[in-house]
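Here's the structure we're looking at; comments come further down.
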Amino acid sequence: ILIYSYSRGVFSSRQIVRKCHEDLGFMHISHLNCPNFRVLSDFRKDNPDFLKECFKQSALLATQLGLVSFGHVSLDGSKLKAYTSKHKAMSYEYMSRKEEELVNEIKELMVQAEECDRQEDEQLQDSTGYEIPDELKIKEKRLAKIREAKKALEERENELNPGKKIDKKKQISFADKEARIMGKKGRFDYAYNGQISVDEQNQIIVGEHLSQNANDKKEVVPALEQIQETMGELPDKMSMDNGYMSGANLEGLGKVDAYVATGREDKKDPRPLEDCSREIKKPDFEYDEGKDYFTCPGGHTLELKTVSKDGKRVYQAEKQACEKCAYNERCCKSEKGEARTISSDGKEPLRKKMNDKMEQGDSKEVYKKRKQIVEPVFGQIKNSGFRGFHLRGYKKAGGEFSLACAVHNFKKIVRAVLSGKVRLEAGEMEPTMA
């Protein structure tokens, strides 16, 4: 019932039950015996692992029917709105302030309550004596919610940035504490990052996972793990956009024949250095892996200055060398007049190897197919009505995402049957022989 309802863009459990009494398709799929809406809702919430297994079965079925070539798989991510609102959230600073205010208000109410208890009945007159205790309960309940959310935010930030002081502007949602603020172009909301790996032949999803990361810089390893878990092997080729161009991702790809788009900051400018209209960018600097330093176009070295806990490495040239360099005005952009710096994640050889690979014509031809493989799939999922989650919490939302991906695959299988790619024989589906 859930698979069919998601394929029809019906997500509310109450609406599903209503459809099961009004719509012939729903009547047929439920055998005229639709469960109570709470049963449907609880099943969806309580069985994320089963929904994950449901997705795996959809991918394996498509493979058995000859709908998956596994020759070229494209990975992409999309933000899907969490079942909450940024208006149901508080910053760390505001929570701390409200916590203190509520503690003081509760203390005052406790003093008033004790005073009321000592008063004689005739002094109460028409008052029942319950006003203060009721208000006390409301404030205590609110304080407990704020403390719970504050603790969750502290645990999250300590995990992401161990040892660092929590930024006062960091926020958390009261409705879904595991969702994260994500977005772009000035539009931000609480969301999860849905990742899908799509096969070239029929746009079958062969791997999926949900991420709490706002970008895709650490998503290759979990994506490969999900493909391996679902399909039992890795594809011949993988392509992904420049959002995946990070040291962690390039390292995680291992021996996979990958095609990762080069970002603007990594692309070499074809114009000669003598062209005064062009800036001096990172690709113009040569990295020496053995000595671990960069050399600028002017021949000066940029030595390693700092290494942060997250692995970020900063290289800097000598100030005097930069001041005397002929490329100074096009290279040094520091408002304070500092020498040129280069940031790196310590994986420059991998980055250079991928950049060189993507300069080749055959690599560009492979990558050119990425858009038509994976991007339409997110469009198809969202056009069917699934633009955000209907469950709260990372694991529950992950189960719902698996369900949405399974539904996509089943729809592709049905279309293959209708188009003749797959035939029905004695109630069984079989691939059509070429």
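The table for this structure:
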quantity: For residue 90, distant residues with modelled amide H under 5 Å away; calculated: 172, 174
quantity: Cα-centred dipole magnitude for the stretch 381-434, charges only on beta-carbon of K, R (+1) and D, E (-1), debye, nearest 20; calculated: 440 debye
quantity: Sorted peptide list for 295-302, 201-208, 1-8, criterion being average Cβ within 10 angstrom, highest first; calculated: 201-208, 1-8, 295-302
quantity: Whole-number accessible area per residue in Å² for the chain, which is evaluated in the context of all protein chains at 1.4 Å; calculated: 58 Å²
quantity: Charged-residue dipole, Cβ positions (Lys, Arg, Asp, Glu), the stretch 207-254 about Cα centre, Debye nearest 20; calculated: 160 debye
quantity: Highest-first arrangement of 33-41, 306-314, 233-241, where packing means the average Cβ count within 10 Å; calculated: 233-241, 33-41, 306-314
quantity: Selected from 188, 276, 431, residue furthest toward positive end of dipole (the chain; charges at beta carbon); calculated: 276
quantity: Dipole magnitude of the chain, debye to nearest 20 (Cβ charges: Lys/Arg +1, Asp/Glu -1, about Cα centre); calculated: 1340 debye
quantity: The stretch 1-101 shape via C-alpha gyration tensor axes, a/c threshold 1.5; calculated: oblate
quantity: Calculated [θ] (222 nm, deg cm²/dmol) that DSSP helices of n ≥ 4 give over the chain, each run adding -39,500 (n - 2.57); calculated: -14500 deg cm²/dmol
quantity: For the chain, with +1 on Lys and Arg beta carbons and -1 on Asp and Glu, the positive-most of 67, 78, 381 along the dipole; calculated: 67
quantity: Mean-position separation - Cα centroids, the stretch 327-392 and the stretch 209-276, in angstrom; calculated: 8 Å
quantity: q = 0.11, 0.16, 0.17, 0.24 Å⁻¹, the stretch 175-282: log10 I(q)/I(0) [Debye, one scatterer per Cα]; calculated: -0.48, -0.85, -0.91, -1.32
quantity: Value in Å of the Kirkwood radius, where the stretch 259-363 supplies the Cα pairs that are averaged; calculated: 14.8 Å
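The values are calculated or read from the model by the stated rules, or taken from the named source; none is laboratory data. Remember, it's a predicted structure, so these values are computed and weren't measured experimentally. All Cβ positions, glycine included, derive from the backbone under ideal geometry; neighbour counts span all protein chains shown. All accessible areas refer to the heavy atoms of the entire protein, side chains included, with ligands and DNA or RNA removed. Shrake-Rupley method; radii C 1.70, N 1.55, O 1.52, S 1.80 Å.
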